[in-house]
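Q: A single structure is presented below for examination.
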Amino acid sequence: YKETIGDVDIVIAGDDAGPIFDVFARAPSVERVLARGDTKCSVIIDHGLQIDPRVVPSRSFGAALLYFTGSKEHNVRLRGLALRRKLLLNEYGLYRIGAEERGQEIASATEEEVYAALEMDWIPPELREDRGEIDAAKAHALPTLVELAQVRGDLHTHTNWTDGRDPLADMARRSCAKGYAYLAVTDHSPGLGMTNGLSPERIAARLAEAARLNAELAPFRVIVGTEVDIRANGALDYPDELLAKFDIVSASVHSSFAQTREQMTARVVGAMRHPLVTALSHPTGRLLEKREPHAVDLDAVIDAAVETGTWIEVNGGPERLDLPDTWIRKAIDRGATLVANSDAHAIEELEWMDLAIGTARRGWAAEENLANVRGLDAMLASRKKR
Ligand SMILES: [Zn+2]
Ligand SMILES: [Zn+2]
């Protein structure tokens, strides 16, 4: 769930790498084999991604998984901690110094074993960044991270009525089949022009369509919401009487990205102070490797979220992953509520919830920090007072 990656290492427990690498070499997605040795091979798959399968004996699997998972910073800290106890930690296992030559490891088959031998709790991979997780694991004080299976619904999605691909009925049926209790459809307001934002007449038609679907899919619930533009001058792109028709109002910056930090912060915080705004979407506006975050004071955004009860989104779009992980942790520490969303524009993109939850986990988020792990009534009741 890191924002971007280089290649992918796959650690495989086995005695004979030959037949395992044969499977990789023949896999339909593999375009070519770059190199093949006794324990490691490298292949290139579709889109040019390099995958390095590595075969290790089962007794070294945990140590190898830990080593190749990283991060480097986490592993350096762990190895230093081991050394202070006269232990050596490498990709084969944890040894008393000197015993590695004889292959007499203290722990190596599972990650849990290795961490336990270093007198700490197992650390979820998302936290392995040397950002305090090792001390927390020693103190048995790691958070119980939120899980994808705890998500009860998605609160930011689009349909073919604006810039999405699929009809609401398909988005709703897919969400229902996923086991969600609810789906908020949050098509755009008209301000951007190109996304064909909803007029008052189409909002009325959408409410009627949602009522029909709700009769069909009950107790599953389609919630009619909106992703309303925050205009350059800070005004919302719908008048209050239209905003009041939506049960979820997610406010977004989609234009005038080059504003100064003062302008952008006043624009965003002003929107968060609006009583009808439920959540702030993709708070930094960044597109990974394409567009820098806009100049917004995220400390002020977090303060406004806590003060007003506005939720802050963790957007799971692969280019966004926004709010970023380090800021998620600050938001949680200061008591803000997050909402993890896919921002799906097609039924298969509903699976981007996985990336939203992965990002939230990297920010140390637990179940109680997210609005959309709550059941329908509890989620609606926890919105800020209108
Ligand atoms: Zn948006
Ligand atoms: Zn959106």
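Q: With angles folded into 0 to 90 degrees, how steeply does helix 200-217 sit against the dominant principal axis of the chain? Use alpha carbons for both and round to 10.
A: Taking the Cα atoms of the chain, the angle to 200-217 is about 60 degrees.
Q: Could you work out how far helix 353-362 tilts from the main Cα principal axis of the chain, as a 0 to 90 degree angle to the nearest 10?
A: 60
Q: Under the rule of -39500 (n - 2.57) per DSSP H run of 4 or more residues, summed and divided by the residues of the chain, what mean residue ellipticity at 222 nm is obtained, to the nearest 500 deg cm²/dmol?
A: The helix-only estimate for the chain comes to -9500 deg cm²/dmol at 222 nm.
Q: Among DSSP bridges having both ends in the chain, what percentage is antiparallel? Round to the nearest 5.
A: Counting DSSP beta bridges with both partners in the chain, the antiparallel share is about 35 percent.
Q: Go through region 124-156 and name the GluC sites (Glu not before Pro) that are in a DSSP coil and have 13 or fewer other Cβ atoms within 10 Å of their Cβ.
A: 147
Q: Which shape class, rounded, prolate or oblate, goes with region 1-143 when its Cα gyration tensor gives a ≥ b ≥ c as root eigenvalues, a/c under 1.5 marks rounded, and past that a/b bigger than b/c marks prolate?
A: oblate
Q: Can you tell me the 0 to 90 degree angle between the C-alpha axis of helix 298-308 and the longest principal axis of the chain, rounded to 10?
A: The answer is roughly 60 degrees.
Q: From the Cα trace of the chain, what convex hull volume per residue do you get, rounded to a whole Å³?
A: So the per-residue hull volume is 156 Å³.
Q: Picking from 166, 154, 333, which is most flexible by a Gaussian network model of the chain using Cα springs under 10 Å?
A: Maximum fluctuation in the GNM of the chain, among the listed residues, is at 333.
Q: Can you sort 108, 382 from fewest to most other Cβ atoms within 10 Å of each residue's own Cβ?
A: 382, 108
Q: Amide H of residue 184 versus every other amide H placed in the peptide plane: which residues, excluding those fewer than 5 positions away on the same chain, fall under 5 Å?
A: 154, 155, 156, 223
Q: Something else now. Quick one: Cα centre-to-centre distance for region 1-62 and region 327-377, in angstrom?
A: 31
Q: Tell me whether region 115-270 comes out rounded, prolate or oblate; compute the Cα gyration tensor, take square roots of the eigenvalues as a ≥ b ≥ c, and use a/c under 1.5 as the rounded threshold.
A: oblate
Q: Applying the Karplus parametrisation 6.51 cos²θ - 1.76 cosθ + 1.60 with θ = phi - 60° to the phi angles of region 162-167, what ³J(HN,Hα) value in whole Hz is obtained for each residue in order, glycine and proline being reported as x?
A: Once θ is set to phi - 60°, the couplings for region 162-167 become 10, 9, x, 9, 9, x Hz.
Q: If you don't mind, another one. Lysine pairs in the chain with Cα distance under 17 Å, only those 8 or more apart or on different chains: how many are there?
A: Eligible lysine pairs with Cα atoms under 17 Å apart amount to 4.
Coordinate-derived values only; no laboratory data. All values reported here derive from a predicted model rather than from experimental measurement. In this analysis, Cβ positions are derived from the backbone assuming ideal geometry, glycine residues included, and neighbour counts consider all displayed protein chains.
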